[in-house]
Amino acid sequence: MHKVLLAIGAAALCSSVLLAAEQRTPVTITGCVHRGTSGDSYVLTNVHEVSGGESRLATNLYWLSTTKGLKDFADQQVEVNGTYSLSRDAGKTGKVKVKADPSTGEERVVLENGLKKAEAKVDAPPRPVGTSGTIAEFTRPYRRLEVQSVKMIAARCDAP
C-alpha cells in the first residue's frame, strides 16, 4: 500500500509542476541598462517587448529576478529572455517617476513595485522641469521576469 501512495503522490507532484510550467508566459524585452544609485541595482530604460520579430514599447513594467551579470552590460542595450506568471502577477502594479534636479538638470528614473525600489541617473537632454522636479509619473502593470538569458544587442544605449 505504501508504494501505491508514493506513486500517486509523485503523479500529483508531476502534474502540479506541469501545470505551473503551462502558466508561465515567455517574453523577450530589450532596453538600456543603467547602474542603480544603491547596491547591486539596475534600471532598464526604453524597454520594448519583442514578439513575432516586431518590437513595441512595453506596456508592462518588468522587475528582473536577478541582477547577476548586469554590471557587465551597464550603458549597453540588451535583450532579456525569460518568463512570468500571469496568475502570480495579477493585479500588481508598479510606478515609474522621472525626476530632474531643477538646478543641475540631472535626471533620475525611479521604479517602485510596493516592496522594492530602484533608482538610476540617466543621461538625457535637458527638459523643462517644474518646481517639484517631476517630469513624468505613471503606473503600469507589473511583471516579475524570471530571467533565462541576457545578451548585448548594442554597445551603446543611444545606438539605433
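The values are calculated or read from the model by the stated rules, or taken from the named source; none is laboratory data. Given the structure is predicted, the values throughout are model-derived calculations rather than measurements. Counting neighbours? That spans all protein chains shown, and the Cβs are built from the backbone with ideal geometry, glycine included.
Within the range 67-95, the residues that satisfy the criterion of being hydrophobic (A, V, I, L, M, F, W, C), crowded, with 17+ Cβ neighbours inside 10 Å and touching a Phe, Trp or Tyr at 6+ places or on another chain (Cβ under 9 Å) are L70, F73, V80. How many residues are part of a strand (DSSP E or B) and within 14 Å of L70 (Cα to Cα) if we restrict to the range 24-41? The total comes to 7.
Here K71, K97 are screened, and the one residue that is modelled with pLDDT under 90 and in a helix (DSSP H, G or I) is K71. Pairs linking a residue in the range 86-115 that is touching a residue at least 60 places away in the same chain (Cβ under 8 Å) to a residue that is surrounded by fewer than 16 Cβ atoms within 10 Å (Cβ to Cβ) and of a type in the set (K, R), with Cβ atoms under 6 Å and 6 or more positions apart or on different chains, are R108/K121. Could you list, in sequence order, the residues of the range 60-102 that are more than 19 Å from T28 (Cα to Cα) and among the basic types (K, R)? Across the range 60-102, the qualifying residues are K71, K92, K95, K97, K99.
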